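Report on one structure; see the data block that follows.
No value in this document is a laboratory result; all are computed from the given coordinates. This structure is a prediction, so every number in the text was calculated from the model and none was measured. Because the Cβ atoms are built from the backbone with ideal geometry, glycine has one as well, and the counts that use them run over all protein chains shown.
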Amino acid sequence: MLSDKPEAAAKKILAATTDNQERVGNPDFESRPGVANLVQILRLLGGEANVADMNYKDLKELVAKNVSQFLANLQTKLTAVDEKKLIQKLEADEAAMRQVAGATLAKVQKAVGLRPAA
C-alpha cells in the first residue's frame, strides 16, 4: 500500500467494510474490526482522535484524506533520496560496524579460550 498512488489508496479506504451501526463509537478489533482498523490508521497518522460521533462515510473520508496526504509526502521524500549517497553511507557504516564487531568477537574468543591471550 505504501507504493499505491494516493488516489488508489483513498479509493480502497472508501470501499472498506464496516458494520451496520450508525456511529463509529469506540470500536474494538473483536466486535468491529473494520471500523477499529480505520480508527487506528487515523490515529497512527496523527489524525483526529475523537471520532466517536462520526458516521462511517465521514470517518472513511477523513482516513482517506490523511492516508493520501501521508503517501504523497512519503513518495515525494522517497524520490528525493540519492541512492548513490545512501549506498555509500551504508557501506561506510558497515565497515565501521565490522571493526567494532571484530574487536568484540576477539575479546569474547579470548575470554572463552578460543584465542590465546596477547
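Tabulated values for the structure
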| item | result |
| --- | --- |
| Crossing angle, helix 83-111 versus the chain [Cα axis fit, 0-90 degrees, rounded to tens] | 50 degrees |
| In the stretch 20-118, the trypsin sites (Lys or Arg not before Pro) that fall in loop regions by DSSP, at most 16 other Cβ within 10 Å | ARG23 |
| Relative contact order [Cα under 8 Å, 6+ residues apart], the chain, whole percent | 27 percent |
| Alpha-carbon centroid distance for the pair the stretch 67-101 / the stretch 2-33, whole angstrom | 31 Å |
| FRET efficiency for ILE87 and LYS5, using Cβ-Cβ distance with R0 set to 22 Å, rounded to 0.05 | 0.20 |
| Sequence of GLU48, GLU22 once ranked by neighbouring C-beta atoms within 10 Å, starting from the fewest | GLU22, GLU48 |
| Residues of type lysines that LYS60 reaches as a straight line, Cα spacing below 19 Å, ignoring anything fewer than 8 places off in the same chain | LYS5, LYS11, LYS12 |
| Percent of alpha-carbon pairs separated by more than 20 Å within the chain | 61 percent |
| Under 19 Å from the Cα of LYS65 - aspartates and glutamates, other chains or at least 8 residues apart | ASP4, GLU7, GLU48, ASP53 |
| Exposure proxy order (Cβ contacts within 10 Å, fewest to most) of THR79, THR104, THR18 | THR79, THR104, THR18 |
| Set of lysines near LYS89 by C-alpha distance (under 28 Å), chain-local residues within fewer than 8 positions excluded | LYS77, LYS107 |
